[in-house]
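Read the structure below first, then the notes.
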Amino acid sequence: MTSEPLDQLETRDAAALDGVLIAGGGIGGLATALALSKRGIASTVLERRWVFGDDGAGIQIGPNGTRILEQLGAAPFLRARAMTPDALRVLDAANASELATFPLGRWMASRHGAPYWVAHRRDVHSALYSAAEREPLITIKMGFGVGVVRDKEKRVFAQGPDGELVSGEALIAADGAWSALRLRTFGGGLPNFTGKTAARTVIPIDDVPEALHRTEVHLWLGPDVHVVHYPVSSGHAVAIVAIFNDTRIANDWSTPRDRSWIAARTQGFAPPLRDLLARPEQWRSWPLLALPKRPKFAVGRTALLGDAAHPVLPFLAQGGVMALEDAVVIANALAAHPGDPARAFKSYEKQRRARVGRVARASRMNGRIYHLAGPLAAARNYALARITPERFMGRFDWLYGWKPPGSA
């Protein structure tokens, strides 16, 4: 990132680009570009990497996300690679007893009019990227990490690491939880470590114990820990995520870990789960972070989107889907206020604050429930065993039934 002060940034030689600048070419950035194109708005995606990597593991996408992927034209590519799990199966990590099973699959699609998918994050990104490449209103500029932004004279100027300048009518920062642009313009403070670390991996289905070859989302609960796994890549692989209490902070989203790191944290697990977690040779870990206060989502002709605006803890599997929701709302707002991005972004902020706030609170609550111990865990297990599956899933109608304001 350049250290040149904003008030000294020279803008006369900036390359003028049509439409909206989007800082970040991840799921949120590409979805925003596609949503804008559906409204006839051009955009340029500024991605810091020269080549998109193969990072990430699994992602769960509820009906509130899959219906957006359909609208954006990314669903046909993804449909052949995603899986539609039949159920959510909840188990005790200590003894492998089944605590409850809740419907997904046909039940979810019938109730909400869109499926529940699990997929490799790489496949979701590839689906969005493939759709964006075919869209003439979208330009993707690789190797351009936005370091300095200036809102000046009805244009927004963005400077890359080599001093290159571009300008557009507005800028949307979709550069992730470690957003370089958030602190400088939008506030919110530096992310704080929550005391929990997540580890992820993907392994071939043939490496998974036979007893766990099920088209389900498995959720294992234990004191201060939980593990989730489900099939991805057309059923040829399984994505695994384990979240532990931890005192050490990993440096980034992708710190390498080996089997011994996992084994040291799984000694009290039931044999089937311990066996599964011992199969992968390599894991990647990252710290779970939270902002000390909520940033602004909009300042003038600039806005934050996705994890840059509201990093959500992963206990509700909604981080990526919130970025998809943001994308369609911000595109609708810009279309509703042509020529006035500042007004559009304020409308976007007003529409999204309560929604993402509720999701964040529900995610934190899920995390506390998942990681209970002793009598409180016993009470949780008793309640799970006695609630009807339909009643339990109905508690999430507010989440999965969401549609963009104004849609049918």
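In the set (1) under 21 Å from the mean Cα position of the chain (by Cα); (2) in a helix (DSSP H, G or I); (3) among the aliphatic types (A, V, I, L, M), Leu289 fails one condition alone, (2). Counting only strands (runs of 3 or more DSSP E) that sit completely within segment 62-144, those holding 1 or more residues that are buried (at least 17 other Cβ atoms within 10 Å of the Cβ), among the aromatic types (Phe, Trp, Tyr) and modelled with pLDDT of 95 or more correspond to 98-103, 117-120. Of all the listed residues (Ile262, Ile330), the sole one being hydrophobic (A, V, I, L, M, F, W, C) and in the same structural domain as Asp207 (by TED's automatic domain parsing) is Ile262. With respect to (1) among the charged types (D, E, K, R); (2) within 24 Å of the chain's Cα centre (by Cα); (3) outside the structural domain of Gly319 (by TED's automatic domain parsing), the lone exception for Asp175 is condition (3). In segment 296-307, the residues that are in a loop (DSSP other than H, G, I, E, B) reach residues that are aromatic (Phe, Trp, Tyr) with C-beta atoms within less than 7 angstrom, at least six apart or across chains, in these pairs: Lys296/Phe186; Phe297/Tyr348. Of all residues in segment 369-408, those being surrounded by 12 or more Cβ atoms within 10 Å (Cβ to Cβ), among the charged types (D, E, K, R) and over 19 Å from Val329 (Cβ atoms) number 1.
The values are calculated or read from the model by the stated rules, or taken from the named source; none is laboratory data. Being a predicted model, the structure only gives us computed values, none of them experimental. Glycine also receives a Cβ, built like all others from the backbone with ideal geometry; neighbour counts cover every protein chain displayed.
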